[in-house]
1. Of all residues in region 12-28, which are closer than 19 Å to Ile109 by Cβ and either modelled with pLDDT of 95 or more or over 15 Å from the mean Cα position of the chain (by Cα) (or both)?
2. So which pairs qualify, if the first residue must be in region 6-29 and touching a residue at least 12 places away in the same chain (Cβ under 8 Å), the second must be of a type outside the set (Asp, Glu) and outside any helix (DSSP H, G or I), the Cβ gap must be under 7 Å, and the two must be at least 6 apart or on different chains?
3. How many residues does region 69-97 contain that are among the acidic types (Asp, Glu) and over 16 Å from Tyr27 (Cβ atoms)?
4. For Phe23, indicate whether it is of a type in the set (Phe, Trp, Tyr) and either outside any helix (DSSP H, G or I) or in contact with a helix residue (DSSP H, G or I) (Cβ under 7 Å, 6 or more places away or on another chain) (or both).
5. For region 90-113, enumerate the residues that are closer than 21 Å to Gln2 by Cβ and touching a Leu at 6+ places or on another chain (Cβ under 9 Å).
6. Got a number for residues in region 41-78 being touching a Gly at 6+ places or on another chain (Cβ under 8 Å) and polar (S, T, N, Q)?
7. For region 30-113, which fully contained helices (runs of 4 or more DSSP H) count at least 1 residues that are among the basic types (Lys, Arg) and open to solvent by 60 Å² or more (accessible area, probe 1.4 Å)?
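The values are calculated or read from the model by the stated rules, or taken from the named source; none is laboratory data. These numbers come from a predicted model, not from an experiment. Virtual Cβ from ideal backbone geometry, glycine too; neighbours counted across all protein chains shown. All accessible areas refer to the heavy atoms of the entire protein, side chains included, with ligands and DNA or RNA removed. Shrake-Rupley method; radii C 1.70, N 1.55, O 1.52, S 1.80 Å.
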Amino acid sequence: MQELFEKMKEYLNMDTEISFNEFDGYYKKVVAFLNDEWTELNQDDTMHMLFILDNLKSNGEDRAKRKEKEAKKYAKMAQRTEIWANALIKRLRDEGLNDEEIGKRYEAIYETV
């Protein structure tokens with residue numbers, strides 16, 4: 001989990017954009033991790049994963065708007081990350097966090113990047 005988070009921080013601090021292959025590879029690692037581990041994540045790790053998913057989603061949506069051959073693939077990745085993000089938000093709510101608390105914790109993570 002920490003490795004995925006550190007990689008996202010690295011991507012966000014880059015001056016250049018990563019290739020489709022690298023984006024797709026990272027996306028697949030995140031989804032594989034979630035498929036195997038999502039029920040075991042504590043609240044902090046869930047928040048960090050939410051941060052990762054939110055950034056994947058927004059970048060995927062942005063790239064899907066371009067006239068590139070991978071646009072449809074980016075759109076599908078953005079849709080799937082949104083599904084995962086919604087599942088994690090629901091889980092946090094089920095654990096007693098309200099939207100304001102989730103938002104504050106999310107912002108605290110964003111400030112560390």
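1. Scanning region 12-28 gives Asn13, Met14, Tyr26.
2. Lys9/Val113; Tyr11/Ile18; Leu12/Val113
3. Of the residues in that region, 2 qualify.
4. When the stated conditions are applied, Phe23 does not pass them.
5. Arg91, Leu92, Ile102, Arg105, Tyr106, Ile109, Val113
6. Count: 0.
7. 71-94, 99-110
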